[in-house]
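*Asks:* One structure, pasted below without further comment.
The values are calculated or read from the model by the stated rules, or taken from the named source; none is laboratory data. Here the structure is a predicted model, which is why all the values come from computation and not from measurement. Reconstructed Cβ throughout: ideal geometry from the backbone, glycine too, with neighbour counts over all protein chains shown. Areas reflect the complete protein model, heavy atoms only, side chains present, ligands, DNA and RNA absent. Shrake-Rupley method; radii C 1.70, N 1.55, O 1.52, S 1.80 Å.
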Amino acid sequence: MANRFPAQLFPHFYQDGPPEHRAKHVYDGWGSYGQILRGDDEPAQGEMEGEMLWGFKAQHKKKGEMWIPVEPVVTPLLPPNKAGKIPSGPPSSPDNFTEHIQHFHVHHCMDSFSTMGHLLGEHFNFHKNKPRKGCINMGRMKNVVRRLKYKKCEVRHASSYVHRYHHLLEDVICDIPSALLAELLHEELTFQRQQEQFRSDITGGVLGCVPLPNIENQNEICLIYPRGAALDSLNFHRVVLEFNEGKPNVDMSNTSLVYNLKGTVRQISTVRVDDKGLVGVRSDYSCGTWVIKDGERPRPLEVIQLKEPCTSLNVSPHICGEFVVASESGAAYLWTVGKRPQKFRDEKTNLYFNDKSDWRWCEFSAHPRVMVFADRTGAELTDSRSSDCSHTLFRIGKTAGCKSGERLIVSKYMGEVHPYHHLFTTQFSAYILDERMPSIPALKWEHMMESPPCFARVLPALDSSTSTKILLGAQRAQETVLLNYTGGCEQPCQSDGPLQKLYSPCEGLKHQLLPHKQQEVEKRLGVLAAGLTATQSNGFLTVFQFTEAGDLFSQTLKLHLDTTSSQKDLSAANCDIDLVDLPSKDKPAEEPRKDSIPQETSTVSDEEQLSDSDFEQELRQRMLSQLEVVTNDDQDGSLTSDTEVRISCEPAPVPESSVDIAQNIQARSVRPANPENASEELKLIWKKWLNSLLDLNTRKKRSLKHRRLKTNDIQVKVHRRDQLKEKERFQKLRNGLNDALKNKKLFVHGGSCLPPLDITPVPDTVDPSDWLDDLSQRLSASWAGGWKNWWEDKLGLNRDSKIQALRRKRRQEKRARARYRVALSGSFTSSTSYQDTLSGWSSSTSQYLGSDSESFATSQSAAEDIPLSEPETLPKSPVVEEFPRSEGTACSSQAIESIKPFSHTSERLELDHALPISQNQNQKHLPKKVSTVETQSVLSPLQMLKESLYSQQRQSRQQLQKDYLSSLFGSQEPSQHPVEVHDNSQLSSSGTLRMQSSGYSLAMQRLSQNRSSSQASQPQKKKSRMGF
Amino acid sequence: MDDIEAELGISRSVGNEDFSDSSEDERVARKIRPPILLHSSTAQARAKESGFHESSRLCLKAIRDAMLHHHWQEAAQYLSAYSQTLEDTTVNKQSLACEIIWRLGTEILQHHPNSRLEDFNALYEQMKNSGVKNYAKICLEHSFHLLLNGHIYDAKRQLSVAASWRYGKQSVPQSLDLKLIHAYCGFLDYVIWHMKKSSVSEAEDNSSNREMHSYFRQASVTLQEIIAQPGVWDPFVLSYVDMLEFYNDQEEALKVLQNYAYNKDYPSNPNAHVYLYQFLKRHEAPPAKLISILKVLHHLVPSHELMQEYCYLLVNSVVPGHLEESLPVVFNLLDYPSWKNDLDTWNCLLTVMTVFKRKGLQHLIANEWKQRKDFWLTMHYRAYHGRKDSELNRELLLVKAKVAKLLGEHGKPDHFFKYKLLIIFIFLMF
């Protein structure tokens, strides 16, 4: 059967030439049927809608076998590899070669300097205290060398003598010339960077699997994988696969058999031939073989050593003990165990075009003596019996529909599946080629992987109805893809359903970890994949994945079974939903709508249609991530009715698809989506694994030490006894504080045992009379608010007015004497005159008050009383005359504006004033001058302010004085009177406002008055009272 | 991805400027050589992308992940969002988005539980016209979809509409697609012709007969056209030959088949030779002719199942020299492990060997044996094989034993020692 060739092949163009098509995106694998072919079966039963149903088949079947992951994450099978490598940071740039050279010189000094060091050694003396003759003393150099062990201080000053020696010996001292070393290192680093992106040397993978014969119905396999820091110890591990109650279990409890090798394992190739399992292990320059016989321990057979790096080793599936080896130089050998490897091909260049790649690959083919020889440009079938018999099997070109830049990544003989089939993978596609019909791919997939797949594993179909499975694995991102296909013998190859991506270890379950641990775990899990293998039994497919860090993971997929059971399950699932699902309010509303869909004539695009109801469903689903599976069922449950409706209206052609749909539905209901939905046991396994990984990592940390300088001698020695005392005291204090807290008491200083605080005494009160110098007097005057007056006094500016006042006084005295009226006021003057020089003036005013308006004086409120009694205010009276005038012209509007906010208080003050003003008016019968003086005296604080405001007018003082005098003496002139009255009325409002604004200074004055000049005012009052 | 290629190309050519000592030709070659995309790093391209492009790229990634994990409904949601990309102002990206949406959209519809044929039609129609560059391809896929769902006439209509489509300058892949469209159009003509034929044969009706002929004419013209192109055209050749045979145009049919089999421009297709062989056999061609056809086939595919027939033809042939050729044929067949358990082949070998022995041509057997000795022993005559054959197919064991006996005359007798011992042991047991 296997020897049959398909009776008809899918149509295919055969074109020569290099590929032209450029890869624009990686989604070519979807939405295409490829080609189409008429099936063998004759037109189907009867007519349907006037159309015969023909059995057409597409190259890419859309509905196929469904494999559903049992768990949403992979399972770690082995404890983390203790010495597993994790790439530390990004690959170093080739330009950093200087750092590497430095490292080499410092840490491998014997390699870099030993020869020259020996030669020069006798001329240098490193002993500090023992100078030798004819030698250069290098005692100081010792220090420099000693410090190299430590992390270097960046700001260290460069020692000139080191530099001098460096310049002297730089060219001589290195065993390997620096220029050469640098060049080679740069080359190597460039190569390593390329390796970081894609490593061709691990093509084929380092994970092998040999099925062992079934004993007692136990499914046993032997896994072969390397471990250790350099992946250089080969493990043969017997693994038992159990499938209890549909739950697969991989039993790794057997201990593995370990062989320690001399080099890193690059590839493990396994095949079961007849009754033996054969294992080929490839390292860089050597290849070894092991044989696993039934019931026996794995046994090494033979090892060969090659001169050039070996790139491929494959075991013959036909003849026991035959291997093909390919090396970078382009030589290919047939190696039969026990015989010398026989070179059958030596290809110096690439096969079809110059790709400048050293990668060569060799595989067996259907004929035991014909080999596949491949490189990046294609593959040829070579007969090992004759030197010149070879023909193309596959080449990058138009025929295979390749894209420009496409290169062969790995080739695999699919002997266990089909004797004539070969699998070729490129960055974009996977090809199956039948060697009976070379160049034309029997089947082609766009695998849509992001990085090129370099591991492949093929699993045969278990019976004719199932499909063959191909697993492709890539290094980066550990991508693994499952492809299914059928046919190849009588039927042409057809891909079976869409490709499926399997879970990768880097998407593993991550418990809530601290960020730095999370990072560690991610780094560890995210290393390059290094191998892939799989085994199948009882409808389960177990995939093993191996990472470069030496960790082994597995995942199991379950074949999704027939529809009838799924229907049953579905109804069961539906019951569940009703219990678990959220408010099913919208369910009845949804169902009729769904039913109505088939009747609609759809003109809308599918996106719109798909997005409405499903979207809500999905959103709900997301929110209930725990119930995800169940909610899915709900939706599908409502859909089954839909499909049934359709089945009834479209009888013949759709049953298959409806079956598929039902299958699909069931599949989705089982398919786990969220890693969080993993089973508890698996979560536990992961937890343990992560813990042991983190343990390993914490133990492993090491880095260059910092150099420590001793600073003991710098520190001042502290006496121990003092320290003890201090400690005790703190303890006591703490206790006291605790007690206070407990009892909710105040913790006062007295209660503590702290040393008493220094009490700073309050300074004595200052008596201004003690300080008789100018400055002190001025200060005390300005404290009392009479700073200006003090200055005026001091500078003698008010001398004229004083003289005036004196004169007036004398005149009054004269007048009084003339009238013979001895008044009480006379006693006032005498009583006040003792005060000071000014008292004469003030007494004169009080005289006025007392004499002219005694009733007024007594009824005055205290506030007005003060300015009147204030001795210093009065000297300003000369300016009073000008005040009303300026008030009316310039200031009034501003002042009023500025004082508005105080209007209510000003009203009160106005009321206070109302009395004197009315009194003023009542007293009109009094001589005119008296009334004017009185108003002036009322306004005296205002004058103070005014004075400061209009100080610039002082230069015209003389003129003003004249005016004043004229007003005093010419006041009886009737022309002046109405103006005066008018001014006063104006003033009454604005003036009071003034007063109020200067309320603060008033208060101050009052205070000072209370303190210092109480003597002056009180006798005044007394005496005035005495007068009545 | 093409941007990166361009970038890589530039950097490569820039780098090459440094090699002053490399010859001019080599430098040119280096410039032309497309960079290998063994690994595609997209980080460079992402540096300058706009927010819109970034979000659409992320969306596409989400669709991809969902589809790769077969979460079709999730993918459908994302796709509805992704349709915004069609508004991209850059022409390149827009046409790319068209293609992506078409591909992803159809794939999702294939697996989405509530998709209907109308949805497919709507999607195909829309994408056909929005991404004009893919018109032919989408038409082809659309008709495939209709065909697979049993709508043969709709599919035929689609194809004939697409066949008459003209738009600007055709690109190479598009012209190939148009050729395929023509071919499938003809193929469907043939299918309809075939249906008519089976219905006509019952009722002799002139008008339907005429209709059938018109289908034949249409089909023959287009099929002839595609068959003239180098390629694998098994279904087209078969249908064309079928029609020619129906109208008794054997010569034309033979010409077509011979061209298909022997034209150097065509790939070596074993089926082409098989068709020719079957055709000649149907028309009772002389054995010499058949042998000549099978000789070519043997050269191409020594493991073909017709080789047994070839072998018998050679053995029975009267032409001198043919008998001698038969031995390598059957030996070659058994070189292939896939034939190693086939009783008929071993019988054939036994027959041929006995004939040779009878005719005194043992040196030829010795010659063939010498070439294969090293691997035949381990491949066919290990103790394990004897044990297994005794379990599964004792007849085979017998035949193999007889062959071994004949072969043993030519080699050292101890070659088969273990095997013989086993056989004796087995026969003693039963």
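*Asks:* So which residues in segment A:149-160 are surrounded by 10 or more Cβ atoms within 10 Å (Cβ to Cβ) and either at pLDDT 75 or above or of a type in the set (S, T, N, Q) (or both), if there are any at all?
*Replies:* Correct list: A:SER159 only.
*Asks:* Name the single residue, out of those in segment A:384-417 being of a type in the set (Asp, Glu) and away from every other protein chain (no Cβ under 11 Å), that is surrounded by the most Cβ atoms within 10 Å (Cβ to Cβ).
*Replies:* A:GLU416
*Asks:* Do we have any residue at all in segment A:491-500 that's surrounded by fewer than 18 Cβ atoms within 10 Å (Cβ to Cβ) and modelled with pLDDT of 85 or more?
*Replies:* Checked segment A:491-500: at least one residue is surrounded by fewer than 18 Cβ atoms within 10 Å (Cβ to Cβ) and modelled with pLDDT of 85 or more.
*Asks:* From the list B:GLN229, B:GLN174, B:GLN224, B:GLN158, exactly one residue is outside any helix (DSSP H, G or I) and either of a type outside the set (Lys, Arg) or within 29 Å of B:ASN263 (Cα to Cα) (or both). Which is it?
*Replies:* Result of the check over B:GLN229, B:GLN174, B:GLN224, B:GLN158: B:GLN229.
*Asks:* While we're here: Just to be sure, is B:GLN278 out of contact with any Phe, Trp or Tyr (no Cβ under 6 Å at 6 or more places or on another chain), open to solvent by 50 Å² or more (accessible area, probe 1.4 Å) and more than 14 Å from chain A (Cβ to nearest Cβ)?
*Replies:* no
*Asks:* Return the total of residues in segment A:170-196 being in contact with a helix residue (DSSP H, G or I) (Cβ under 9 Å, 6 or more places away or on another chain), within 14 Å of another protein chain (Cβ to nearest Cβ) and touching a residue at least 24 places away in the same chain (Cβ under 8 Å).
*Replies:* Counting residues in segment A:170-196 that are in contact with a helix residue (DSSP H, G or I) (Cβ under 9 Å, 6 or more places away or on another chain), within 14 Å of another protein chain (Cβ to nearest Cβ) and touching a residue at least 24 places away in the same chain (Cβ under 8 Å) gives 3.
*Asks:* Name every residue in segment A:30-64 that is at pLDDT 85 or above and open to solvent by 40 Å² or more (accessible area, probe 1.4 Å), in order of residue number.
*Replies:* Within segment A:30-64, just A:LYS61 meets the criteria.
Yes or no, residue by residue, for (1) facing chain A (nearest Cβ under 10 Å); (2) open to solvent by 10 Å² or more (accessible area, probe 1.4 Å); (3) part of a loop (DSSP other than H, G, I, E, B):
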| site | (1), (2), (3) |
| --- | --- |
| B:TYR312 | no, yes, no |
| B:MET353 | no, no, no |
| B:ALA366 | no, yes, no |
| B:ASP374 | yes, yes, no |
| B:ARG387 | yes, yes, no |
| B:SER390 | no, yes, no |
| B:LEU396 | no, no, no |
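*Asks:* Hey, another quick one. Out of segment B:61-84, which residues are open to solvent by 10 Å² or more (accessible area, probe 1.4 Å) and either in contact (Cβ under 8 Å) with a residue 60 or more places away in the chain or more than 7 Å from chain A (Cβ to nearest Cβ) (or both)?
*Replies:* Correct list: B:LYS61, B:ALA62, B:ASP65, B:TYR78, B:ALA81, B:TYR82, B:GLN84.
*Asks:* What number of residues in segment B:228-266 are within 12 Å of chain A (Cβ to nearest Cβ) and open to solvent by 10 Å² or more (accessible area, probe 1.4 Å)?
*Replies:* Summing the residues that are within 12 Å of chain A (Cβ to nearest Cβ) and open to solvent by 10 Å² or more (accessible area, probe 1.4 Å) in segment B:228-266 gives 8.
*Asks:* Still on this structure, I have one more. Can you name the number of the only condition in (1) on the phi > 0 side of the Ramachandran plot; (2) in a helix (DSSP H, G or I); (3) not charged (D, E, K, R) that B:GLY150 fails?
*Replies:* Among (1) on the phi > 0 side of the Ramachandran plot; (2) in a helix (DSSP H, G or I); (3) not charged (D, E, K, R), B:GLY150 violates only (2).
*Asks:* Let me ask something else. Could you tell me which residue of segment B:326-341 is nearest to B:TYR312 (Cα to Cα), considering only residues that are more than 7 Å from chain A (Cβ to nearest Cβ) and open to solvent by less than 10 Å² (accessible area, probe 1.4 Å)?
*Replies:* The qualifying residue nearest to B:TYR312 (Cα to Cα) is B:SER326.
*Asks:* State whether the residues of segment B:298-308 include one that is open to solvent by 60 Å² or more (accessible area, probe 1.4 Å), on the phi < 0 side of the Ramachandran plot and more than 13 Å from every other protein chain (Cβ to nearest Cβ).
*Replies:* No, that holds for no residue.
*Asks:* I want to confirm something. Restricting to segment A:299-323 and keeping residues that are closer than 18 Å to A:ALA456 by Cα and in a strand (DSSP E or B), which single residue is farthest from the other protein chains (Cβ to nearest Cβ)?
*Replies:* If we take residues in segment A:299-323 being closer than 18 Å to A:ALA456 by Cα and in a strand (DSSP E or B), then A:LEU313 is farthest from the other protein chains (Cβ to nearest Cβ).
*Asks:* Does segment A:434-468 hold any residues that are within 14 Å of chain B (Cβ to nearest Cβ) and either basic (Lys, Arg) or more than 49 Å from the chain's Cα centre (by Cα) (or both), and which are they?
*Replies:* Scanning segment A:434-468 gives A:ASP434, A:GLU435, A:ARG436, A:MET437, A:PRO438, A:SER439, A:ILE440, A:ALA442, A:LYS444.
*Asks:* Is it true that A:LYS403 is in contact with a Phe, Trp or Tyr (Cβ under 6 Å, 6 or more places away or on another chain) and not in a strand (DSSP E or B)?
*Replies:* So A:LYS403 passes the test.
*Asks:* Looking at (1) more than 7 Å from every other protein chain (Cβ to nearest Cβ); (2) surrounded by 21 or more Cβ atoms within 10 Å (Cβ to Cβ), which is the one condition that is false for B:ASN114?
*Replies:* Answer for B:ASN114: the failing condition is (1).
*Asks:* Of everything in segment A:470-490 that's small (Gly, Ala, Ser) and under 45 Å from the mean Cα position of the chain (by Cα), which residue is modelled with the lowest pLDDT?
*Replies:* A:ALA477
*Asks:* As an exercise: evaluate B:LYS128 against (1) open to solvent by 10 Å² or more (accessible area, probe 1.4 Å); (2) more than 10 Å from chain A (Cβ to nearest Cβ) and give the number of the one condition it does not meet.
*Replies:* The number of the failed condition is (1).
*Asks:* Please enumerate the residues belonging to segment A:225-251 that are on the phi > 0 side of the Ramachandran plot, in contact (Cβ under 8 Å) with a residue 12 or more places away in the chain and open to solvent by 30 Å² or more (accessible area, probe 1.4 Å).
*Replies:* The answer is A:GLY246, and nothing else.
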